[in-house]
Each structure stands twice: as C-alpha cells, then as structure tokens.
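Read through the structure below, which is laid out as structure tokens, and then see the notes.
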Amino acid sequence: MIETLLSIAVAFVAGCAAVFGSGVRRPLLRAMGEAWLLGIALCAGSLFALALAGIAWSLARALIVVAVVTAVLMIVGLRRRATEENAASDAGDRRSWVSAIFDLLTAATIAGYALLATAGPLAEIDFVAMWGLKARAFWIARGLDWSFLESPWYNWIHADYPPLLPLTFDWTTLFQGQWDDRWLGALYPCFALAVLLIIRSLLEEELGSPVYAAAVTLALAPAAASPWIGIAEGPLLAYGTAGVLLLRRALRDQIADRRSQIAGSTGALSIEYASLFLGCAAATKNEGMALLLAAALAMLVSTRNRAAVWRLWPAVAIAAPWLLVRAVFSFSTDLARGQPWLRVIENARHLSVLMHGIAAQTSGHYLFWIGVIAALVLSFRRAVHEERLVLVTVGLLLLFDVIASLSTAQGVAWLVRWSWERLLAQVALMAGFTAAVLIDGVRASRPQPPDVSSGGLAPR
Amino acid sequence: MTWRTAVAALVLLCLFAGAFQRAYWTIFGADRAALQAWLTERPYSKMPGLRQFMTGVRDHTRDGDRIAIILPARRWEGGYAYGFIRSTYLLAGRRTVPLLNQGDQPLPANLERATHLAAWGVALPPIRGFEPAWRSPDGVLLQRRR
C-alpha cells in the first residue's frame, strides 16, 4: 500500500509542475485536481515514450524521464511568472461552516469509495479480460508487448484501445515491484476526487456561493466515483468531464478578457490547456476520442469560429501517437469491422429496442436525470444561449454512442444491456454540473454571464 | 423562501438522491475480510477452483512457456471462453493457447506447439509426448517430454 501511495504522490508532484508550468493562476482546489489528472497521465506517458524508444521499463528510468519533464515544466512556469503580471485569484476565501459540512460529507463519500476500491483484488471482468490483462502483460514484458497485442488468440482484449489506463497501472506496479491487483484500486478515488475538486472550484468561482458549490459537489460526488473499479470508466469520466468543463471555462475567460481588454492575462484559462484533458480522455478509451470530436464540433457550434477549434491541437497531439501505432499494427476497432454502415441500417429497425434499453439503464438513477431535465426545461433559454458547449457535446456524444450501438454485430439488445449504463455515466457529471449552474440562475435570478455564442471568439 | 428557491432545492435534491450510492456509506460498517474473499473469487465464480489451479500452474511454469488450456466446456461461448480468458489473466507472461476456436472447432495444431498442457476439471488420458509436471485436486499440468 505504501508503494502505491508513493506512486500517487510522485504523479501528483509531477502534475503540480505541469499546472505551475501552464502559468495560469487558479484556486488551490482546482490546481490540485488538475495536478493529479495531468501528473498521472505524464507518468503513464513516460512509460509509453520509453516503450516506443525500445527501452525496457525500470523504476529508475521512469523516474528520470518524469523528473526531466517536471524540471522543464517548472522552469517554464518560473519564467512565465517572472515575466507576466499575475492576477491572483481571490476565490477560496469565503468559507462557511455550512460549506465545510458539505465538503466533509463529500470527503466521506470519497473515503467510502476508496475503501470499496481497495477492499480486494479488482474483480470487474473487463479488468481481468482487458485492462488489467494488458497492464500485467506489459509489466512482465517491461514495455508494450506487441506479440501479445497481435496474438490472434486474444481478440477480446481490444488491442486498438488506447493504453493510458494500463500504463497507469504499470506506473504504480513499478513502485510495488510486483503485480498486485488489489492496491491498483487506490487510483480510482484519486480520479474521482480530482474531478470533484475541479467541479467544486469552478462552481464556487462562477456562482460565488461556497455553500451552493459545496452542496452541488456533494450531490455529484457519487457520479464522479465510478462503480466500475478497474476499468476505464473512472479515468475517462474524470478526464472527459474536466476537459469539457475547463474548455467551457476557457471560452468564458477569453470572452471576458477581450471585453476587459486584458487578453493574455494569467488569470485566463487557455483553450490549449483545457484541451490537454480532452487529449488524456482520448488516450484512455475510444469513447474519449469520440468525446474529443464531439467537443470540437460543439465548440464550432458555440463559437462559430473555425480558428478556435484548431486550438484543440494539444488534445490531438496527445491522442495521435497511439492512433499512429494502431494504424501501423492494423489494430482495428471491432465496431468498424466489415460493413458497419450496413449494420447500422439493418439494426435501425431495432431502434425501439435501443431506446427502451437506454431508458431502462437510467432506472437506477432516474431521479438524477429527472433533475437534469427539469433544470433544462426551467432554464431553457439560458441553456440554449449559455450552456451550448456542454449540451451539444453531451448530445453529440450520445448520438455517436447510438450510432456505435447500431453498428454492433453482437446484437443491439446485448450491447445496450452491457454498455449503456456506463455510457450514460460518462456524461452524468457534465449534465449534473450544467443542471446545477442553470438551476442556480433560477434560484438567484443572477445577471447573465457572457454569451459564448455572442461572438466573443468570432474572427475579428 | 420563494418558489424559485424551492424549485432549485427540489432539483438539487433530485440530483443528490438520483446519484446517491449506498455502497459508499455501508462500506464503513461492512465485513471487509468477507468482502475481500468475495472479490477474490468473483471473476471465477462459475468455475470454482480455477483460480487456485491456474495460480499453481503459474508457480510451476515460466514466462514464455506456451500453455494449452483444457477445460470441461466443449463450446467457445459455452464456458470455454470464460475459463480461457480468466486463465490468460492468471498466467500473464506465459502464452496461453486455446484448443477450441470461436466457431467451436478444435485446434490440434495448438496442442502440437504447446510446451505445457493445463487441464482443469477434466480427467485427462495420457497424451503422447507429455508427462505430468504438477497435479492438484482440480486438475493437472503436463509438460512436453524432453
């Protein structure tokens, strides 16, 4: 356990350097959340780089790579801070005992999740059959085991899936010194906590009410704590939600900067920085790549500015190496094999099965989705004008999921039964956040923030 | 309290109640040892004893060994895939090979190329070219005769 915690601590420190290097001043809570997400991706990325360079993994080699990258990021951060005028954030100074109680309850939820995640060996079948199996094979090979990925006997492992999660397991295993599938579960509460810190901070900054921000964070905490421990849903949920919400924030910051004529202030979040998280989502699972595409299209719809979409290049840069590897080794996606469009047309006859199946998958959390829909209905105009980015992203992602479900060769009913509860969980946090922001407008009748679609990012 | 505040509180309550996961709170009073034992066996629950047997096979083989898996199931989707996938995880580093393809046809060539045979839940007759390397109440590990 100590070794696992050490691997988490090292990843966090590396992430702090990445956050520092971005040169953006933000509240401590958000910085901590971002630091974990970027740090563990950086550590996994270092293993990927070593593997591509043909260098066998060892803890010392991995630490050297991470230390070098961390040092470079620290130097970049120091140079930025020395040359730019800092806009210190004043958020986080308005705590109250009510918000502290909500925050403690959120912490207790995550503590319970952590106990559950580390109660025993990871038992999800997709961990045993895919994510954990890959990580274990890579660990034994001390690198990406190409012959294992290419083996015709293991076609259930989805060799095409991006490797960030298996490499994350391997990062921790390097510290453990042996394969231990119990303590790998400790990574999951870290992902949940990280995205909750980001949500908590964004809500407080935006709505100005620590009590309301803490209450919403408590309500959303179980949605951040993915019950599928050992598979990619937890990290994907964290990276995807963080990416979309930070992108939303970046667009607002840029509009606010242009209005106040202080473009480039260090208080503003950049689109490029926000897109790092979308890139990590794309490096986690194929659905993350779909999310990146959905977010890019949603950005186009929201800003009506094609040039702004190009600023998502860091996300593409993170996702691209694996796409290249995939193409070189011909790791095909099962949904794309054969004639997927013919299957979509054929399965379209079963659309009602799909819709009924999706409705059934919400049954465990139907109150949650009723809350989201109620918030959208009550604030429809605001939702359309101000929350277009998130809503279009969620809508497009669900549309992609529907098309993917119709292209399956395994039967629509089967796929809905085994996939859609997870697919809905992937967008639940984004939807819940948006509902909370919208309903705060109903509650407080507050003045409207800048309209993202109003041309703030339109070409000048 | 205005109606707006009441509606907002109601929506927030829906989000809270809808997302709530009881397990994250009941875990504090749960029997963690029993939970650990259950989680350990859960992926293998349809083939009791498979985990222990394949763990033993792992102890008696080395990375790179090519192990053919023999299971009582005669169909890929009728249990063979279940046992083969789980055996592959437990024997990661070794190369497990199936003796049945996804169309339920036998793959004798894999037997020819195997360095070991791990037979679980099957009474195995003597197989030419192989000799017993290790035995447990659940199965037997054969290795190619040198």
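Hey, among the residues in the stretch A:128-148 that are within 18 Å of A:Glu233 (Cα to Cα) and within 8 Å of another protein chain (Cβ to nearest Cβ), which one's surrounded by the most Cβ atoms within 10 Å (Cβ to Cβ)?
A:Gly132
Can you say whether B:Gly18 is more than 10 Å from chain A (Cβ to nearest Cβ) and part of a helix (DSSP H, G or I), as far as the supplied structure shows?
Taking the combined requirement at face value, the residue does not satisfy it.
Which one is farthest from A:Phe138 (Cα to Cα) among residues in the stretch B:33-65 that are charged (D, E, K, R) and loosely packed, with under 14 Cβ neighbours inside 10 Å?
Filtering first and then ranking leaves B:Lys46.
Which is assigned to a helix (DSSP H, G or I), out of contact with any helix residue (DSSP H, G or I) (no Cβ under 7 Å at 6 or more places or on another chain) and more than 14 Å from every other protein chain (Cβ to nearest Cβ), of A:Leu291, A:Leu324, A:Leu300?
Answer to the check: A:Leu324.
When the residues of the stretch A:28-85 are narrowed to those that are farther than 19 Å from A:Pro321 by Cα and of a type in the set (Ser, Thr, Tyr), which ends up nearest to the chain's Cα centre (by Cα)?
Across the stretch A:28-85, the extreme among qualifying residues is A:Thr70.
Residues checked against (1) within 22 Å of the chain's Cα centre (by Cα); (2) surrounded by fewer than 12 Cβ atoms within 10 Å (Cβ to Cβ); (3) within 30 Å of A:Leu247 (Cα to Cα); (4) among the aromatic types (Phe, Trp, Tyr):
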{"site": "A:Pro321", "(1), (2), (3), (4)": "yes, no, yes, no"}
{"site": "A:Ala327", "(1), (2), (3), (4)": "no, yes, yes, no"}
{"site": "A:Arg337", "(1), (2), (3), (4)": "no, yes, no, no"}
{"site": "A:Val344", "(1), (2), (3), (4)": "no, no, no, no"}
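Of a type outside the set (Val, Ile, Thr), at pLDDT 80 or above and surrounded by 20 or more Cβ atoms within 10 Å (Cβ to Cβ): does that describe A:Phe400?
Here the answer is no, as A:Phe400 does not meet what is asked.
Working carefully through the options B:Arg94, B:Arg86, B:Arg58, B:Arg62, find the one that is within 7 Å of another protein chain (Cβ to nearest Cβ) and among the charged types (D, E, K, R).
Selected residue: B:Arg86, the only one of B:Arg94, B:Arg86, B:Arg58, B:Arg62 that is within 7 Å of another protein chain (Cβ to nearest Cβ) and among the charged types (D, E, K, R).
I'm trying to understand the selection: among the residues of the stretch B:65-83, which are under 19 Å from A:Gly132 (Cα atoms) and within 11 Å of chain A (Cβ to nearest Cβ)?
Answer for the stretch B:65-83, where residues must be under 19 Å from A:Gly132 (Cα atoms) and within 11 Å of chain A (Cβ to nearest Cβ): B:Ala81, B:Tyr82.
Would you kindly identify the helices (runs of 4 or more DSSP H) lying entirely within the stretch A:154-254 that contain at least 3 residues that are within 14 Å of chain B (Cβ to nearest Cβ) and surrounded by fewer than 23 Cβ atoms within 10 Å (Cβ to Cβ)?
By residue number, no helices (runs of 4 or more DSSP H) qualify.
Report whether or not B:Ala68 is assigned by TED's automatic domain parsing to the domain that holds B:Asp138, within 17 Å of A:Arg182 (Cβ to Cβ) and crowded, with 22+ Cβ neighbours inside 10 Å.
Here the answer is no, as B:Ala68 does not meet what is asked.
Which members of the stretch A:369-422 meet the condition of being within 29 Å of A:Asp440 (Cα to Cα) and of a type outside the set (A, V, I, L, M, F, W, C)?
Matches in the stretch A:369-422: A:Gly371, A:Ser379, A:Arg381, A:Arg382, A:His385, A:Glu386, A:Glu387, A:Arg388, A:Thr393, A:Gly395, A:Glu421, A:Arg422.
The values are calculated or read from the model by the stated rules, or taken from the named source; none is laboratory data. These figures come from a predicted structure and were not determined experimentally. Glycine gets a Cβ as well: all are built from the backbone with ideal geometry, and neighbour counts include every protein chain shown.
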